[in-house]
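Enquirer: Right, I'll just put the structure down here and ask away after.
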Amino acid sequence: MRLWIQLAIGLLLSGIIAYAGYRKRALATSGVAGAMIVGTAIFGLGGWIWGMLLITFFVLSSSLSAYKKSTKQVLAEKFDKGSQRDFWQAFANAGTGALIAAAYPLFPHPALFAAFVGAMATVNADTWATELGVLSRVPPRLITTGKTVEPGTSGGISRLGTLATLAGGLSIGIAALVFVALDTWLGGAANALFAPEQLANAIWLLPIAAVGGLTGAFGDSLLGATLQVIYYSVKREKETEKRIDPDGTPNTYLRGWRWLNNDWVNFISSGIGAATAALLWRLAIR
């Protein structure tokens, strides 16, 4: 299939999905544009398996965002973003995957697909950790010192959050294995990923997604505890990722690199997960 046709199909599909996300209040207006850009790149340059993994992440993460929403609004008021993803949040979550998909036509190697799986596993794992971790009855501890912190604190981890991280990454691995097996069984165009005689290698996607997602999510927590910009809300007397409070009051800069907000942390951590997954693939498949 010609590249422009693939991109056109990718634009159409990502537009439909983005519109559905907007109607479900999972995407803000700007988030629709961001989702369409990364979706077009992933669908059009990667292929349908890549696109289905993006949809899997979107559906799972959006569903968890709505789970016990009223409770989490109180517990996670420190977070920079709400449940509706804007342009930059959409790009932060899937931008690394889009860049990998753009490289795939030039270097069609399964290791790049493994990297994409690692990137998606990371953002899904991080979302699961955030959405479920704040519900932990045991206070989280800072990843760097082990000190007990309030729920929603950047760099805070808990047992429930860690288990959710592992499950989130593994779920992407399971989805990838199912889609690869289905495509191979149907004799589809994505056979360049795994020839039928190499399909057994696809089982490595399970541990690779789990470990890649866990590594990337821990990288996210480490950046959140050390370098991410943090502000202080005088009105609420709390640390926060928000530069401006919901009522429009500017918050006071407290620490961290001013440019390294939550979006950049998500983007970098997904790169960590992608690199980890690609390395594990090369070590496992010789």
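The values are calculated or read from the model by the stated rules, or taken from the named source; none is laboratory data. This one's a predicted model, so the numbers in the text were calculated from it and none came from an experiment. Don't worry about glycine lacking a Cβ; one is built from the backbone with ideal geometry, like all the others, and counts go over all protein chains shown.
Enquirer: Counting only residues that are touching a residue at least 60 places away in the same chain (Cβ under 8 Å) and among the small types (Gly, Ala, Ser), which one in segment 199-218 is nearest to Leu53 (Cα to Cα)? Show your work before the answer.
Expert: Taking segment 199-218 and keeping what is touching a residue at least 60 places away in the same chain (Cβ under 8 Å), we get 201, 204-205, 207-218.
If we keep only those that are among the small types (Gly, Ala, Ser) too, we end up with 209-210, 212-213, 216-217.
Values: Ala209: 12, Ala210: 15, Gly212: 15, Gly213: 14, Gly216: 17, Ala217: 18 Å.
Going through the qualifying residues, I end up with Ala209.
Enquirer: To continue, here is another question. Is it true that Ala119 is more than 25 Å from Ser65 (Cα to Cα), modelled with pLDDT of 95 or more and either in contact with a helix residue (DSSP H, G or I) (Cβ under 8 Å, 6 or more places away or on another chain) or not hydrophobic (A, V, I, L, M, F, W, C) (or both)? Don't jump to the end; show me each part of the working.
Expert: Working: more than 25 Å from Ser65 (Cα to Cα): no; modelled with pLDDT of 95 or more: yes; either in contact with a helix residue (DSSP H, G or I) (Cβ under 8 Å, 6 or more places away or on another chain) or not hydrophobic (A, V, I, L, M, F, W, C) (or both): yes.
So Ala119 does not fit the description; no.
Enquirer: Let me ask something else about it. Among the residues that make up segment 105-113, is at least one of them touching a residue at least 12 places away in the same chain (Cβ under 8 Å) and in contact with a Phe, Trp or Tyr (Cβ under 6 Å, 6 or more places away or on another chain)?
Expert: Just the residues of segment 105-113 that are touching a residue at least 12 places away in the same chain (Cβ under 8 Å), to begin with: 105, 108, 110-113.
Of the ones still in play, those that are also in contact with a Phe, Trp or Tyr (Cβ under 6 Å, 6 or more places away or on another chain) are 111-112.
There is at least one residue in segment 105-113 that is touching a residue at least 12 places away in the same chain (Cβ under 8 Å) and in contact with a Phe, Trp or Tyr (Cβ under 6 Å, 6 or more places away or on another chain).
Enquirer: Please determine, by comparing only the residues of segment 149-167 that are modelled with pLDDT of 90 or more and not in a helix (DSSP H, G or I), which one is farthest from Ser221 (Cα to Cα).
Expert: Once the filter is applied, the top-ranked residue is Ser158.
Enquirer: Residues of segment 123-146 being assigned to a loop (DSSP other than H, G, I, E, B), modelled with pLDDT of 85 or more and small (Gly, Ala, Ser), which ones?
Expert: Residue satisfying the conditions is Gly146 alone.
Enquirer: In segment 245-282, which residue that is free of Cβ contacts under 8 Å to residues at least 24 places away in the same chain and in contact with a Ser or Thr (Cβ under 9 Å, 6 or more places away or on another chain) is farthest from Asp220 (Cα to Cα)? Full working, then the answer.
Expert: We begin by selecting, within segment 245-282, every residue free of Cβ contacts under 8 Å to residues at least 24 places away in the same chain; these are 245-252, 279.
Now restrict to residues that are in contact with a Ser or Thr (Cβ under 9 Å, 6 or more places away or on another chain): 245, 249, 251-252.
Working: Asp245: 23, Thr249: 27, Asn251: 23, Thr252: 23 Å.
Among those that are free of Cβ contacts under 8 Å to residues at least 24 places away in the same chain and in contact with a Ser or Thr (Cβ under 9 Å, 6 or more places away or on another chain), it is Thr249.
Enquirer: Those residues that are of a type in the set (Gly, Ala, Ser) and either closer than 30 Å to Ile100 by Cβ or without any contact (Cβ under 8 Å) to a residue 24 or more places away in the chain (or both), I need them from segment 119-162; list them, please. Walk me through it before giving the result.
Expert: Taking segment 119-162 and keeping what is of a type in the set (Gly, Ala, Ser), we get 119, 121, 125, 129, 133, 136, 146, 152, 154-156, 158, 161.
Within segment 119-162, Ala119, Ala121, Ala125, Ala129, Gly133, Gly146, Ser154, Gly155, Gly156, Gly161 meet the criteria.
Enquirer: Sticking with this structure for a sec: Can you work out which of the residues in segment 1-59 that are aromatic (Phe, Trp, Tyr) and either under 14 Å from Arg85 (Cα atoms) or not in a helix (DSSP H, G or I) (or both) is modelled with the highest pLDDT? Working first, answer last.
Expert: So in segment 1-59, the residues aromatic (Phe, Trp, Tyr) come out as 4, 19, 22, 43, 48, 50, 57-58.
Going one step further and asking which of them are either under 14 Å from Arg85 (Cα atoms) or not in a helix (DSSP H, G or I) (or both), we end up with 19, 22, 57-58.
Details: Tyr19: 79, Tyr22: 76, Phe57: 91, Phe58: 85.
Among them, the one singled out is Phe57.
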